[in-house]
Every structure is written in structure tokens, then in C-alpha cells.
């Protein structure tokens, strides 16, 4: 059984089920000829029983106009008359199937099992149409069975580009892939990052939306919502649409890849949510073609941008169409129905009464679909001309005819016409904007997208958006992050919020926080790290000023003490304190009051080494002689209790030698540690980090060694001061020394703790300075000031006390004690 017989059997089966061919499929607008071109047009927009639309009548007459033009030419199909047989598809795939079967088989519906591909004069050799993709999928199966080429003027689904499935399908419009590219170029040009897509649940919508999603992803555009809906959505489906629109309301750009009925339903759903003006509407060609042509009077939302094929109105067609008389119109049964309805509604007769008007002239609507219809008819004519010239037979075989169709090339008003390898043409798309111009709705052309040019998208004028301005609205789910914050993903698809970076971090590529180095800090824009300029402790700081004042006062006091000791050097009290040891001790006082100046000075390798050495040596100079003093007191009284013999190593020379040795040990420690591990300026960082660095001297290993040695001296002083606590009141210098040593020990321990735990250089420096100053002041206050005070103001009492003490000496032992210790009293009192 041949394919044509199989199709005939299918036709009979369908006819048996439905009992008869629908009347709408039998109604035809035909003209006889040697070769017939079939035509499938949506002469009714929705319902086959409705009144035909003027727009669809224009399409049918465009085919008739082109056939007449071809028949009038002597250079194209000479001696051949081309006819046509136009049927109604009613935008319904079932009726399109019936109409296409009627075309390829003939109106009588009779079945025959002959070889239909052989053709004969008067037989349909090709089909122009249908307009929609869903109808084309149905019709192309019939065309393939009967080897009948078809050229659609409006079916754009990418599915139809599959030549293995649809070998006899061609089209004079580009596929949806190009329309999707035009829409994505528009989205990218406007800077929109977040969009939604609602598409019709058929091959046109599904394929178009899929291409749009794929291209958008490649451009970095996020699709928040991709929702299929039926051509005529139900109430429950529209409720679902409302829910989805609310969920994806941040995606303000809403692309409608569907026809007018679907688009109107979605717009109505948005209007119910009071969000019609919230969305930025982008309409595909299917929606654009239906605007104003369904008789509903509905207009799309203002600001809507439509992407529709750029096919200029062919010259001469309007004159032809508007000049049709009643006789010509009545040849078209659908035009006759339209005219009768016009006369009935207006209660007048066209061409008879002046006030009745000429409907096909008054209601004429320029349309981009006319040129593809005319191109399809011309393509058939040129291919048939080529086939007949290359063959000795007037028989048209489908496969041969298809071969000539694919190779056809001719010049038209818009340029050279030819099919590409997919059986389609390259595309140009107009960008039209829904606007209110002087109170009337208009589709204003604002730009052009041309696939053949390097810069495909071009704008000729500004788009007027829903708010009436030409300022491009935004569509993004990305918060504008303030300086110092990075973009952070949110729970919603493709949505991003802001997360603050740490104050010491820069923002890289808006998505990453990168911490600066310890010695760097972000610039004002938080885009790069810049070095922090280190600072030192300022002399004008209140704490620094306090330290300097105390140091100056201490220096003055130390000078006074030194002067006093020198002035009263022959006084018994001064002699009793060991002038040599006191001189060393006062030298330590002077160095202690000088050390803060070095500690506060700007840190350099020299000042750091000097400040560390001064702190270490001032304590050694202070406590090495103090240790010998208190040790001597203890040994003298201890020896006196046992015998009258004088203790060894208490002479001034020996004492001074021992002090020098003790000081030498510290000097050696300072020199060695400074050579091996010199004190250096170092940058002090902060936790938590701050945009500042402080330069200070690090007292490290060398300072610890020196401090340990000084601590040993101080502890030894504490021990001997404790052991000598029971000496007579007349010899109470040991008690003053003990008070000084105990206080200094606590102060030094506190200072060292603060130094190594503090994170502020000023605190570190101040802790050391205060420890040094406290030690010096305590020594001055506890040891030297009382002596000088007694010498200056209690001199007579000291003298009488000394005489009484000598008179009362009655034995050698007491004489020894008097000789050895009376000179050590600071506040001597009368004997009892």
C-alpha cells in the first residue's frame, strides 16, 4: 500500500468517526489554473462560526493578488496559468488537518489509490500555510505523506527545523531561535538580570521558551519563573499563575511567548494582583500579531515591548485590496460573510449609500505577515518555473519540486530571497512599543534587530515605559550592596543579598571578602589594600606628659639629693650610709629618671638598645649597693650577738669592689644580649584589628635576662631586709630599705606583666616608665630624703644622741657596736 493510500484510508477512518468532513473544511476560495497552490489561512480568529477578521481576509487576498501578478507576467511561468485553492484553518489544528487533506485529495473527498505524487494539471502542487506552528505540525504530516511541499508564512517553532522529520516543510519566516536571540539581546542591552517566562503549552511556546532559557543562561540572565499555560487558561490555572507571579515578583521582566488569548489571560491575572504596571512586559511575535485583531478592543499594558518580524508592507497591495469591488469580493466566501455582517450592523449597502463606507479600505490594517505570504507564492512560482524549464514533462513530482524549491532565489522588494539549509530565511525583527499617543493606543517602532549585521540590535528612539518615562526600569534580585559588603546568595532562585566583610577586608569581584595583610588596610572604596603608616607614641599624649613631668621632677630631686650628699659628705649620717655605695645608688636614681626619655623617644635601633640598657642598668645601680647596705647591717648585728669581732668584707673599698662586680655582670649581660639579639623597633598590631600600627621597642630575650638578674638582686634585698627587721630603732635604715624594696618588687612584677600582655604600645611604654619612676621615687623617699631632712633640721639632736651613746658604752662589745652602727642611724633617738 502506498503512502497516499494509507493517508486515504486514514481519511476514510476519520470520516467514519466524525461522519462527515466539517463544512468549514469544504468552504473554499478557489481559482482554476494549470497548477494549483493550496492556501491555509486563519480566516476566523478563534471560532469557525464567528465573523472573519479583516486581517485574515488580507492574507487570503494577498495570495490571490500574488497569483494574479504572476499570471500577468511573461517572464515567469509563461503560457502557464497558476490557480489557488484557499481553505480556512480557524487557528485550529483539527480543522487544519481536514482542510489539508481536502486540498491534497480534492474537494469531492473521493478516495483513489493512484500515485498522487505523479501529479496532473489542476492538482495542488504546494500548500501556502498554515500560520501557526501547532497547525503546521499537523499539516506537514499530510504533506509528507502526499509528497506535497508546504511553505508556511508564520510557523516559527524550532521543532519544524528538523529536516529528517519534516522534509517537505519550508517557511518564509525565521525560526523562534532567532526571535529568542532578539529578546535576549534586548534583555542584555537593558541590563536586566532577572526575568520570568510564561509560554503557551504547545510546540511554539515550549520550543521558544526553551531557546530563550538556554540563551539567557549563556548571557548570565537568570530565569526566575518558566511557566507553561494552555492557550485558553482555566480559572484554576490562572490562580496558579497569580501565585507564581507573586513568588517571582522580583523578576519584573515578564516575557510572554504565546498568542493573544494566552497573553490577555496572563495580563488579566497580573491586573487582579494590581501588578500590571509592576511588570516589564516583553511580547513575542504571536502576541504582537494578535493585538487589535481579535475584536475585543483590549490593549496590552502600556510600555510593553513587542518583538515581531520586520516584513514591510508590499507596495501596491493596499491599492489592490482597497479597490476590490463587490464582484471581486463576492468570489471570496469569507469576504462575502464579512461584507454582509458589515451591512447588517451599519444598516446600509456598500457602494450604494455614501455613508456606508468601504470596509476593506477603512478597516485595512498594515501587517508584517503579508510579505511572507507573497514570498511563499513567489517561491512556488519560481521553483515551478525552474522545474518546468528543466523537464520535458509538465508533470510535477513532489520530490523534484522540493529540490527546486530549496534552490530557489529571486529578487524582491526587500532584497534577495532564498532558503537556508533549514528551509527558512534569515530574520529581522522590529521592536515595537505599546504607547498612548495623543490619547490613542499605538504600536510605535523603536528599534530593529537584524541577524545579518555585526551589531544586531539598534534603537531609533527611546522606549516609553509603563510610568510614562524613558528611564529604563530595573529587574534584578540583587541588592545594591554598600561599600564593604559582598554579594551573598539568598534562598530564592538567583537572588542575592549583601553580607558585610570584615573592616580589614576588601571586596573582590563583589562576591568575595579578602583580608588585607596585618600591615595593610582597605582603601575608601574597599577595592585594594594600602599600607598602614606606623605611628609612635606622641609626646603630647596626657600620659606621656605625665611621665615626662615626673621624670623632670625626679631628675631635679636626684640632683638635689646628689648635691646634699656631696655637701654633707662629712656628716656622721652620710658617713654611716657608706658614701661610696650611696654615690652608686644616686647614679642609679639619675639613670632611672633619664630612662623614660629614652623609652618615649621615637623607636630606632639605637634608641631601643639605649632604652633597654638604661632600664636594666638603673635597677642594677639602685639595688646592687642597696643589697650590700642591708646585708652589712644584718651581718654587723648578727656578729655582735655572737662575738665582739668585726665582720669581714664590710670596708668601703671591699663594698665598692663587690658593687662594681655586680654591676659589671649586668653590663656584660646587656652587651652580649644586645649583640646576639639586639632590641629592635617592631610594629604592634591589634586584636580586634584596627587601621593603625604602632612602632615600639620590643624588650625581648635580652630584657628578660637583665630583668631576671635584677629580680635576683631585689629578692636578695628583700631577704636581708626581712632578716634585719629586728635591729634597734636607732639603726632603722634597713626598715626604710625594706619598704622601698618590697614596693619596688611589686611594681616591677606588675609592670612586666602589663608589658607582655598589653596590646597597646603606650601601655607597654608607660608600664616600664612607671616601674622605673616608682623605683627611683621610692628609693629617694625612703632612703635619702629622711637622711637629708634629719641632717638639715635635726642636726643638734643627732649630735647629743651620739654623745650620750658613747658615754653609756661600758664594755668592749658595746663600744664595738657604738663604733660600727651608731653611724647607720637615720632617725636616732635618745637612749633609754
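The numbers here are math on the coordinates, done by the rules we state, and not lab data. Bear in mind the structure is a predicted one, so any value in this text is a computation, not a measurement. Because the Cβ atoms are built from the backbone with ideal geometry, glycine has one as well, and the counts that use them run over all protein chains shown.
Length gained on full extension, residue 436 to residue 318: 39.9 nm, using 0.36 nm per residue less the C-alpha separation. Helix 542-567 and the longest principal axis of the Cα set of the chain meet at an angle near 10°.
Evaluate the relative contact order of the range 485-531 (contact order divided by residue number), counting alpha-carbon pairs under 8 angstrom at least 6 apart; express in whole percent. Before the final figure, lay out the partial values.
Details: 78 pairs, mean separation 13.4, N = 47.
29 percent.
Give the shape of the range 140-238 as rounded, prolate or oblate, defined through the alpha-carbon gyration tensor: a ≥ b ≥ c are the square roots of its eigenvalues, a/c under 1.5 means rounded, and otherwise the shape is prolate if a/b is larger than b/c and oblate if not.
Taking the square roots of the gyration eigenvalues as a ≥ b ≥ c, the range 140-238 is oblate.
Shape annotation for the range 232-323: C-alpha extents along the principal axes are 52, 24, 18 Å, from largest to smallest.
Once the C-beta distance of residue 549 and residue 722 is scaled by a Förster radius of 56 Å, the resulting FRET efficiency is 0.95 to the nearest 0.05. Here is the tail figure for the chain: Cα pairs spaced more than 40 Å apart come to 60 percent of all pairs. With a Förster radius of 60 Å applied to the beta-carbon distance between residue 540 and residue 271, the computed FRET efficiency rounds to 0.25. Taking packing as the residue-averaged number of other Cβ atoms within 10 angstrom, the listed peptides 389-397, 64-72, 327-335, 124-132 run from highest to lowest as 124-132, 64-72, 327-335, 389-397.
If you take the square roots of the eigenvalues of the alpha-carbon gyration tensor of the range 422-495 and sort them as a ≥ b ≥ c, do you get rounded (a/c under 1.5), prolate (a/b over b/c) or oblate? Oblate shape, in that a/c is at least 1.5 and b/c is the bigger or equal ratio. At the listed q of 0.22, 0.30 Å⁻¹, the Debye profile of the range 485-531, built from one uniform point per Cα, gives log10 I(q)/I(0) equal to -0.68, -1.03. Our helix-only sum for the chain, with -39,500 (n - 2.57) per DSSP H run of n ≥ 4 divided by its residues, gives a mean residue ellipticity at 222 nm of -15500 deg cm²/dmol. The mean sequence separation of alpha-carbon pairs under 8 Å and at least six residues apart, normalised by the residue count of the chain, gives a relative contact order of 9 percent.
Largest first and in whole Å, the equivalent-ellipsoid semi-axes of the range 561-718 read 38, 17, 13, each the square root of five times a Cα gyration tensor eigenvalue.
By average Cβ neighbour count within 10 Å, what is the ranking of 229-235, 83-89 from highest down?
83-89, 229-235
Relative to the present Cα-Cα distance, how much length would full extension add between residue 604 and residue 511 at 0.36 nm per residue of separation?
Working it through step by step, the gained length comes to 29.3 nm.
Were the residues from residue 746 through residue 71 laid out at 0.36 nm apart, the gain over their Cα-Cα distance would be 230.8 nm. Against the longest principal axis of the chain, how steep is helix 93-105, in degrees 0 to 90 to the nearest 10, with axes from Cα atoms? With both axes taken from Cα atoms, the answer is about 40 degrees.
The distance between label points at residue 94 and residue 700 comes to 9.3 nm (points 7 Å beyond Cα on the Cα→Cβ vector). When the label point is put 7 Å from the Cα of residue 493 along its Cα-to-beta-carbon vector, which residues of the range 179-199 have a backbone N closer than 17 Å? Only 193-199 fall inside the zone, counting backbone N under 17 Å.
Measuring r between the beta carbons of residue 474 and residue 759 and using R0 = 51 Å, the FRET efficiency lands at 0.65. The angle separating the long axis of helix 761-779 from the principal Cα axis of greatest extent in the chain is about 10 degrees.
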